[in-house]
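Notes follow the structure.
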Amino acid sequence: MIGPFTIFLFFIFFFGLIFLFAFVQVGMITLAFEKIGLTPNQVFTFLMLSLLGSYINIPIKRIRNRELPYYPERITFFGVTYRIPQSTSSQTIVAINVGGAIIPIFLSIYLMLKWHLLFEPLAATLLVAAISYFLARPVPGLGIAMPIFIPPLMAALVALALSKSGHAPPVAYIAGTIGTLLGADIFHLKEVHKLKSPVVSIGGAGTFDGIFLAGVIAVLLA
């Protein structure tokens, strides 16, 4: 028989693991943004804005579907299983996520101005956008899906190859975020009608996935 003290120790251990995991994640994210030249205060502000902005989707377009959406409750894509919410809506709302799209765009512009970068991030972004475009697939009910680790890996490699000024981390961040945003989301907007999803969010609907993680991983690898 399991006593209450054992259960108490289990919960302490469980929440300790969660805290350790969160601490490591935040530490890695902080390290990544310090590599691109942000101060600790700027990192904190960016993370808070990204966190709050991840809950804000600004509708920019509505697309009416000719028939009601029908798709399975679960879809497996690149080995990851997603739960698909069912809907009876006959239209798709295209929105842009503040934390996953708008804020990374402004940060990328800030980094280009701060480090006086133009050709390197532009070339790297176009290459990552092309790779992301060919890897991304419209998945009915889910959205535009793609393997999350390939774009940041390519962004880091391209940044290291192109950056002659020693600014590989900011170039990798710009290419990893804007390149993925363009290739996976923007360039595939013409296929939104195939998704039959109630909402399609440019930049994703979560802070620590999609575009956000692409930028962080790219900087850590560069």
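Laboratory data are not the source of any read-out in this text; all were calculated from the coordinates shown. Please read all numbers here as calculations on a predicted model, not as lab measurements. Don't worry about glycine lacking a Cβ; one is built from the backbone with ideal geometry, like all the others, and counts go over all protein chains shown.
Provide the packing ranking of 177-183, 212-218, i.e. peptides ordered by the mean count of other C-beta atoms within 10 Å per residue, highest first.
Numbers: 177-183: 28.4, 212-218: 26.9.
Result, highest mean first: 177-183, 212-218.
Computing FRET efficiency as 1/(1 + (r/R0)^6) for I56 and H116, where r is the C-beta to C-beta distance and R0 is 22 Å, gives about 0.10. The protection proxy used here, the mean number of other Cβ atoms lying within 10 Å of each residue, ranks peptides 155-162, 47-54 as follows, highest first: 155-162, 47-54.
How much length would be gained if the chain were fully extended between I63 and A123, taking 0.36 nm per residue of separation minus their Cα-Cα distance, in nm to one decimal? Mind dumping the intermediate values first?
Working: separation 60, 0.36 × 60 = 21.60 nm, distance 3.30 nm.
Taking I63 through A123 to full extension adds about 18.3 nm, to one decimal.
Sorting the segments 166-175, 92-101 by their residues' average number of neighbouring beta-carbon atoms within 10 angstrom, most packed first, yields 166-175, 92-101. Taking label positions 7 Å along the Cα-Cβ direction at both I105 and T30, the computed distance is 3.1 nm, reported to one decimal.
Taking amide H atoms as placed 1.01 Å from N in the peptide plane, the amide H of V200 lies under 5 Å from those of I93, V94, A95, each 5 or more residues away in sequence or on another chain.
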